[in-house]
């Protein structure tokens, strides 16, 4: 069975602090895809990043970075020098191999509040 | 390009009624997925439609159904509403169907069942 766990329900940080959002996944598939989405107060989820199971390279995009470790089944997300605009709910998701259609498993989300 | 649109944005119903929600995907997108979002449960997958066919279905009772039209627009229907159906219903579209797809989400329909 597939499962995504985001153990941190809510996190509060002061602006300019770094923060890491944890994501642990379970799957027996050898090919799978991991995603992070951001849901600001307006409600629409916005795609941030996708990784496939064969690419363990870390990724950095501006203040955002992602650490994918198959050995620990984790795909953690770090925001450096957080800003108030980063306040949102962040979801980690697992996608199965291509021929199973759009079958995604989302974690319960981590609500991040950045205090000015 | 216009984003994913969902109508209505807010809906109030009473127990036992039925409701139909609508989703218009991004132009050219053929896959539409529906999710139920509730506090503490995150996003739970309802179903996916691709080229007018249901491709995947989540673990929801048969009261939840959907369909997709030839223009890729999709509707979701919930019959015999229960209090526990109160949630934000999100629609997402992607160009094709597959677990590698980035999904584009709509703003959601907030359903309240009284």
Shape box of the range B:1-66 [Cα atoms, principal axes, largest first, Å]: 37, 24, 24
5 Å-binned pair-distance histogram of the range B:39-114 (Cα, whole percent): 3, 13, 25, 28, 19, 9, 3, 0
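Could you work out the percent of alpha carbon pairs in the range B:30-80 separated by over 17 Å, rounded to a whole number? Let's see the in-between values first.
Working: 437 of 1275 pairs.
In whole percent, the long-distance tail amounts to 34.
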Could you give the alpha-carbon Rg of the protein assembly as shown over 2.2 N^0.38 Å, rounded to two decimals? 1.01
Sticking to Cα atoms, compute the Rg of chain A to one decimal and its Dmax as the biggest Cα-Cα distance, whole number, in Å. 13.9, 45
Convex hull of the range A:50-116 built on C-alpha atoms - directionally averaged projected area, nm²: 5.5 nm²
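What number results when the radius of gyration of the range A:1-44, computed over Cα atoms, is divided by 2.2 N^0.38 Å? Kindly include the intermediate steps, with their values, before the conclusion.
Values: Rg = 13.9 Å, N = 44, 2.2 N^0.38 = 9.3 Å.
Scaled against compact globular proteins, the figure is 1.50.
Partner chain Cβ atoms within 10 Å, averaged over the residues of A:107-114 - can you pull that number for me? If you can, show how the numbers build up before the last one.
Working: counts 2, 8, 6, 0, 0, 0, 0, 0.
Going residue by residue through A:107-114 and averaging, the value is 2.
Where a number appears in this text, it was derived from the coordinates with a stated rule and is not lab data. This is a predicted model, so every value here is computed, not measured. Cβ: placed from backbone, ideal geometry, glycine included. Neighbour counts: every protein chain shown.
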